1. Could you give every pair whose Cβ atoms fall below 8 Å, whose first residue belongs to region 54-73 and is of a type in the set (Val, Ile, Thr), and whose second residue is open to solvent by less than 50 Å² (accessible area, probe 1.4 Å), counting only separations of at least 6 or pairs across chains?
2. Restricting to region 206-232, name every residue that is open to solvent by less than 60 Å² (accessible area, probe 1.4 Å) and of a type in the set (S, T, N, Q).
3. Determine which single condition residue 64 fails, assuming it passes every other condition in (1) more than 30 Å from residue 27 (Cα to Cα); (2) at pLDDT below 85.
4. In region 1-12, what count of residues is obtained for those that are outside any helix (DSSP H, G or I) and either modelled with pLDDT of 80 or more or of a type outside the set (A, V, I, L, M, F, W, C) (or both)?
5. Could you pull out the residue among 162, 149 that is touching a Ser or Thr at 6+ places or on another chain (Cβ under 8 Å) and of a type outside the set (Asp, Glu)?
6. Report the residue count in region 88-128 for those that are over 32 Å from the mean Cα position of the chain (by Cα), modelled with pLDDT of 80 or more and outside any helix (DSSP H, G or I).
7. Do we find that residue 173 is surrounded by fewer than 17 Cβ atoms within 10 Å (Cβ to Cβ) and under 21 Å from residue 148 (Cα atoms) in this structure?
8. I'm trying to understand the selection: among the residues of region 194-234, which are among the hydroxyl-bearing types (Ser, Thr, Tyr) and more than 19 Å from residue 169 (Cβ to Cβ)?
Amino acid sequence: MDGIGILKKEFSKIESKHKELEDSLSNVEDLITAVSRNEDLDTSWYLTQVQSELSSISASHKDWHGAISRFGKFIDKQLTENVSSFTNKDLVTGRNIQLLHQLICEHFLRQGSLELVEKFLSESGYQLNDNKKRPFVELNQIVAALRNRDLKPALVWCEVNRTALKNRNSSLEFMLHRLNFISLIERRETSAALQYAQILGQYVSTHKRQLQKLMGCLLYVTNGVENSPYHVIII
């Protein structure tokens, strides 16, 4: 098996262990919710089940950590530590200097240092294609909006790139809508939350369990979800 094949195999193990952790944590949350909603239940049985799930979580976490560690070590083995090229004068001459300028620009773009990029372009004379710059500019605008609790730009991006996200089995768009819904719940805007629930309906086939818990929050909006069995959702 080639290097890429081994990487894919190891990464699939990480994903599998992560899924096991998510399932076990969700089971614990369901057990705690059940006990909180009905004080007449036999708590001893539920406590036994919780302890069993916690043991499973501990084991899965250990396996997950081991898989991540092996994945990192394998990547390290694939890297060659040859620094001699950094002393090669040819690196900063001819076509290579253009590649070096491109790498510098892309590095600063990833860091969100847009003003620094413009300064570098001005002083170096390097011409950066707008098509290379645009994704980074858009990304930094989305990040800036997220810091201000504005999810709209991120949701617009998800809508435009929905096909690519589906191909990667990404839950990003759902998680952003989930945050919006929780925000409405926290502000006790019941009508707006009910209306927003219609948007969440499109994810029933892929996130049914999480949606059931979110809809359950609606029953406690008046008194505050923080005082309900679903308080863990808004932590």
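The values are calculated or read from the model by the stated rules, or taken from the named source; none is laboratory data. Please read these numbers as outputs of a predicted model, since none were measured by experiment. Don't worry about glycine lacking a Cβ; one is built from the backbone with ideal geometry, like all the others, and counts go over all protein chains shown. Each accessible area value is taken on the protein alone, full model and side chains, heavy atoms only, with ligands, DNA and RNA left out. Shrake-Rupley method; radii C 1.70, N 1.55, O 1.52, S 1.80 Å.
1. Every condition considered, the pairs that remain are 57/21; 57/24; 57/28; 68/14.
2. If the condition is that a residue be open to solvent by less than 60 Å² (accessible area, probe 1.4 Å) and of a type in the set (S, T, N, Q), then 228 is the only one that fits.
3. Evaluating residue 64 over (1) more than 30 Å from residue 27 (Cα to Cα); (2) at pLDDT below 85 leaves (1) as the failure.
4. Total meeting the criteria: 1.
5. 149
6. Qualifying residue count, region 88-128: 3.
7. no
8. 196, 220, 222, 228, 230
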